[in-house]
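> I'd like to ask you about the structure that follows.
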Amino acid sequence: SRLLATVAPDAAAAYAEMELASMAVVALALPPGTELPPSSGVLIGERERRSDGRPFTAKAFTFSARKWAHHGEPGQPVFVRGSVGRFGDTGTLQVSDDELLARVRSDLAELTGVTADPVDSYVQRWGGGLPQYGVGHLDRVARIEKAVAELDGLAVAGAALRGVGVPACVATGTAAARRVVGR
């Protein structure tokens with residue numbers, strides 16, 4: 001919203017009304033041949049608990065080799081992506097990358113039995129990077145788009161508009177590019 005504050009204050013105000021969650025992705029490259037469950041991933045409900053009663057750190061796992069064939073080629077690392085962070089939960093992400101990695105690996109082991117040591121890993125954090133679509137979201141989006149439409153050469157795109165997934169973000173980016181170049 002700060003980027004639009006001087007040129008499109010109505011759009012900036014609508015963006016500022018959106019609540020945001022912080023999140024992290026813990027990417028694991030497991031040794032080639034590591035067996036994963038026969039699904040594309042696991043969603044973990046907020047109320048789900050580990051066998052010892054503690055909450056899970058991860059909210060989801062994506063088994064990339066099962067979801068996308070090009071990640072499942074023989075002899076290649078087996079990729080797993082753990083998603084961490086829920087709206088209103090700020091404490092989970094307030095640990096070091098090493099601790100977050102350890103917690104996500106522990107969750108993966110408990111949920112799937114996969115205990116292989118990763119050959120590589122990466123933690124990517126996005127503070128305030130996950131917009132929450134509350135009541136009135138589409139009205140806010142309409143206000144943003146109306147305010148920006150009045151300005152030549154400016155368009156908006158991204159997860160705050162019509163979906164947080166890659167296809168939705170690409171679609172808003174494509175529409176924004178077409179608007180800017182006049183097509």
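> Once the Cα atoms of helix 137-149 and of the chain are each reduced to a long axis, what angle between those two axes, in degrees from 0 to 90 to the nearest 10, is obtained?
50 degrees
> According to a simple spin-label model (label point 7 Å from Cα along Cα-to-Cβ), what is the distance in nm between Ala5 and Ala177?
Placing both labels 7 Å beyond Cα along the Cβ direction yields 3.0 nm.
> If R0 is 45 Å, what FRET efficiency do you get for Ala13 and Leu43 from their C-beta distance, rounded to 0.05? Write down the numbers at each step before the final one.
Values: r = 34 Å, r/R0 = 0.76.
Working from the Cβ atoms, E equals 0.85.
> In what order do Leu36, Leu151, Leu28, Leu93 fall by count of nearby beta-carbon atoms within 10 Å, going from fewest to most? All intermediate terms of the calculation are to be shown ahead of the outcome.
Numbers: Leu36 22, Leu151 12, Leu28 25, Leu93 18.
The most exposed by this proxy come first: Leu151, Leu93, Leu36, Leu28.
> A further question follows. Using the Karplus curve 6.51 cos²θ - 1.76 cosθ + 1.60 with θ = phi - 60°, work out ³J(HN,Hα) for each residue of region 50-65 in order, rounded to whole Hz, and write x for Gly and Pro.
Residue by residue, region 50-65 yields 5, 4, 8, x, 6, x, 6, 7, 6, 9, 6, 10, 10, 9, 4, 5 Hz.
> Under the 0.36 nm per residue contour assumption, what length would be gained going from the current alpha-carbon distance of Glu35 and Gln124 to full extension?
On the way: separation 89, 0.36 × 89 = 32.04 nm, distance 2.46 nm.
Going from the current span to full extension adds 29.6 nm.
> Continuing with the same structure: Can you give the angle from 0 to 90° between the axis of helix 97-112 and the longest principal axis of the chain, with both taken from C-alpha atoms, to the nearest 10?
So the inclination is approximately 60 degrees.
> Right, something else. Measure nothing but the geometry: give the 0 to 90° angle between the long axis through the Cα atoms of 166-181 and the longest principal axis through the Cα atoms of the chain, rounded to 10°.
Orientation of helix 166-181: about 30 degrees from the principal axis.
> Right, here's the next one. How much length is gained if the chain between Thr115 and Glu99 is pulled fully straight, taking 0.36 nm per residue apart and subtracting their Cα-Cα distance, in nm to one decimal?
Values: separation 16, 0.36 × 16 = 5.76 nm, distance 1.63 nm.
Once the chain is fully extended between Thr115 and Glu99, it gains 4.1 nm.
> So, one more: Going by a ≥ b ≥ c, the root eigenvalues of the Cα gyration tensor, does the chain fall in the rounded group (a/c under 1.5), the prolate group (a/b larger than b/c) or the oblate group? Write out the running numbers ahead of the final one.
Numbers: a/c = 2.82, a/b = 1.83, b/c = 1.54.
Taking the square roots of the gyration eigenvalues as a ≥ b ≥ c, the chain is prolate.
Rule-based calculations on the coordinates, nothing more; no lab input. This structure is a prediction, so every number in the text was calculated from the model and none was measured. FYI the Cβ positions are ideal-geometry reconstructions off the backbone, even for glycines, and counts take in every protein chain you see.
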